[in-house]
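The values are calculated or read from the model by the stated rules, or taken from the named source; none is laboratory data. Keep in mind it's a predicted model, so treat the numbers as computed, not measured. Cβ: placed from backbone, ideal geometry, glycine included. Neighbour counts: every protein chain shown. Side chains are part of the model used for accessible areas, which takes the heavy atoms of the whole protein and leaves out ligands, DNA and RNA. Shrake-Rupley method; radii C 1.70, N 1.55, O 1.52, S 1.80 Å.
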Amino acid sequence: MATAADFGLGFGVEIPFVNLLGFALVRMQAGESELRYEARPEHLNSFGVTHGGASMTLLDVTMATAARSVAPELGVVTIEMKTSFMQAAQGPLVAKGRLIHRTATMAFTEATVFDAKGRVCTHATGTFKYVRRLPVGPGSVNELRTIATD
């Protein structure tokens, strides 16, 4: 399967869990995103289809990527997410995300996962908070700090 590097794209940050699952970033611009994923045998459930947790992670990352596409210098953290499972997700999957609305500190998004035949498998809506990243390294604190003061 192609990776983000094969497309000449990157998420802009290292995301070890995304690397472990093998998501490939295809598009991240103007409030939209597209990722591709094919579950490996260890990502399947007892029915032999993509595990719901893997599907939810794909949706979460797709929505976060859509949110970050308009502010790539910032990170986002998931505040809430609602997922609907419509049918089993099998084979190569394509997830498409969209930033619906943005405020200075929040992003409201949606994403849909399609199978190879173009059928909708799962859909989610999510709310994300924009955060600044602090430097990581010797002597620095590895934490996220919100943009707005509380």
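Considering 48, 31, 91, 52, the condition of being touching a Lys or Arg at 6+ places or on another chain (Cβ under 8 Å) and not acidic (Asp, Glu) is satisfied by 31 alone.
Scanning the range 66-111 for residues that are assigned to a loop (DSSP other than H, G, I, E, B) and over 17 Å from residue 26 (Cβ atoms) yields a count of 12. Within the range 71-90, the residues that satisfy the criterion of being without any contact (Cβ under 8 Å) to a residue 60 or more places away in the chain and more than 16 Å from residue 111 (Cα to Cα) are 71, 73, 88, 90.
Would you confirm, using the coordinates I've provided, whether residue 63 is part of a helix (DSSP H, G or I) and in contact with a strand residue (DSSP E or B) (Cβ under 7 Å, 6 or more places away or on another chain)?
Details: part of a helix (DSSP H, G or I): yes; in contact with a strand residue (DSSP E or B) (Cβ under 7 Å, 6 or more places away or on another chain): yes.
So residue 63 passes the test.
Selection over the range 14-60 of residues that are at pLDDT 95 or above, within 15 Å of the chain's Cα centre (by Cα), of a type outside the set (Gly, Ala, Ser) and part of a loop (DSSP other than H, G, I, E, B) gives a count of 1.
Could you tell me whether any residue of the range 125-142 is touching a Cys at 6+ places or on another chain (Cβ under 8 Å) and either modelled with pLDDT under 95 or within 30 Å of residue 46 (Cα to Cα) (or both)? Lay out the reasoning, then the answer.
Initial filter on the range 125-142 (touching a Cys at 6+ places or on another chain (Cβ under 8 Å)): none.
No, the range 125-142 contains no residue that is touching a Cys at 6+ places or on another chain (Cβ under 8 Å) and either modelled with pLDDT under 95 or within 30 Å of residue 46 (Cα to Cα) (or both).
For the range 109-124, the candidate set comprises residues that are touching a Cys at 6+ places or on another chain (Cβ under 9 Å) and of a type outside the set (Ser, Thr, Tyr); within that set, the residue that is most open to solvent (accessible area, probe 1.4 Å) is 114.
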